[in-house]
Amino acid sequence: MPREQHGQDASAAPAAVQLNHTAVYATDRHLSAEFLATVLGLEVGSPFGPFLPVDLGNGVTLDFYEKRDEPIQSQHYAFLVPDDRFEPMIARLDAVAVAHYADPGHTEPGRINRLFGGRGAYFLDPDGHNMEIMTRPYVRP
């Protein structure tokens, strides 16, 4: 819909849009939030209504929300992490016996990828969300 229909001047530059938070469905919000926070080396925040937040430190919060009345639909969450924190994350996955994979289809267990000059790995959270850690952002055309 053209901007002038929303009371904006069509020639005005658009404001920067940033993701602020997203809900992550979980059968047990405490278990899922603690799992991810532990792997990433973060802390779980104080409950906010029905949500249990994990602040990623870049202005984005994952708000874990319990959903028990229907199956959890698997989602994909990718985290750009500092290079020096990648190996400790892999070690934390190994310490809790959670397999990591080099690929999103989970066909290369125990391996990492080296996409775009960095390192990356995929793993499942307690509800089957496909989590990714990577040290370099994807190069997009």
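Please verify whether residue 66 is within 28 Å of residue 120 (Cβ to Cβ), at pLDDT 95 or above and not polar (S, T, N, Q), treating the condition exactly as stated. For residue 66, the condition - within 28 Å of residue 120 (Cβ to Cβ), at pLDDT 95 or above and not polar (S, T, N, Q) - is not met. Looking across segment 85-101 at every residue that is closer than 30 Å to residue 70 by Cα and without any contact (Cβ under 8 Å) to a residue 24 or more places away in the chain, the one that is most open to solvent (accessible area, probe 1.4 Å) is identified as 97. For segment 1-53, the set of residues classified as among the charged types (D, E, K, R), at pLDDT 95 or above and open to solvent by 60 Å² or more (accessible area, probe 1.4 Å) consists of 34, 43, listed by residue number.
Return a yes/no flag: does segment 58-78 have any residue that is open to solvent by less than 20 Å² (accessible area, probe 1.4 Å), touching an Asp or Glu at 6+ places or on another chain (Cβ under 6 Å) and more than 23 Å from residue 18 (Cβ to Cβ). Among the residues of segment 58-78, not one is open to solvent by less than 20 Å² (accessible area, probe 1.4 Å), touching an Asp or Glu at 6+ places or on another chain (Cβ under 6 Å) and more than 23 Å from residue 18 (Cβ to Cβ), which makes the answer no.
Applying the condition of being touching a residue at least 24 places away in the same chain (Cβ under 8 Å) and open to solvent by 60 Å² or more (accessible area, probe 1.4 Å) to segment 102-126 and asking which residue is nearest to residue 90 (Cα to Cα) yields 124. Condition first: in a loop (DSSP other than H, G, I, E, B), acidic (Asp, Glu) and more than 18 Å from the chain's Cα centre (by Cα). Now tell me which residues in segment 67-125 satisfy that. Correct list: 69, 70, 108.
The values are calculated or read from the model by the stated rules, or taken from the named source; none is laboratory data. Not measured: the values here are computed from a predicted model. Cβ: placed from backbone, ideal geometry, glycine included. Neighbour counts: every protein chain shown. Side chains included, ligands, DNA and RNA excluded: accessible areas come from the protein's heavy atoms. Shrake-Rupley method; radii C 1.70, N 1.55, O 1.52, S 1.80 Å.
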